[in-house]
Amino acid sequence: MILLSAKFPNLPTILFTSCGATVLLLYMVIAITHLANRYRNRHAEDQLEVKMWLFPYLTIATIHLHRIRLDVNGFHRRAPH
């Protein structure tokens, strides 16, 4: 990594940015799955032991905020041609 970063000085920044975007995207997938499963199982006989605060509003807000964050970072990180 050190030898590569000497030849390509922007490589660590690119790697950290791509890892951060991957984590945000994974979190969005988990939140969407959580939302879908809660709606699917809301009329199940088993009641949930732990209920989430402000469901589904907090989950939907989190999904939209992460989507906006990915959009904003994508536009600001582009290098001019």
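Computed values, structure above
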{"item": "Pick from region 1-60, criterion of a type in the set (A, V, I, L, M) and outside any helix (DSSP H, G or I), ranking: farthest from Val72 (Cα to Cα)", "result": "Ala44"}
{"item": "Among residues of region 37-50, those that are under 26 Å from Arg67 (Cα atoms), surrounded by fewer than 11 Cβ atoms within 10 Å (Cβ to Cβ) and not basic (Lys, Arg), counted", "result": "1"}
{"item": "Only one of Thr13, Thr22 that is exposed (fewer than 11 other Cβ atoms within 10 Å of the Cβ) and among the polar types (S, T, N, Q)", "result": "Thr22"}
{"item": "Which listed residue, of Thr33, Thr59, is loosely packed, with under 11 Cβ neighbours inside 10 Å and at pLDDT 85 or above", "result": "Thr33"}
{"item": "Candidate set from region 41-65 (those that are in contact (Cβ under 8 Å) with a residue 24 or more places away in the chain and of a type outside the set (A, V, I, L, M)); member that is farthest from Leu26 (Cα to Cα)", "result": "Thr59"}
{"item": "Number of the condition not met by Phe75 [criteria: (1) at pLDDT 85 or above; (2) of a type outside the set (Gly, Ala, Ser); (3) part of a helix (DSSP H, G or I)]", "result": "(1)"}
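The values are calculated or read from the model by the stated rules, or taken from the named source; none is laboratory data. Everything numeric in this text was worked out from a predicted model, so none of it was measured. Neighbour counts are summed over all protein chains in view; Cβ atoms, including those assigned to glycine, are modelled from backbone coordinates with ideal geometry.
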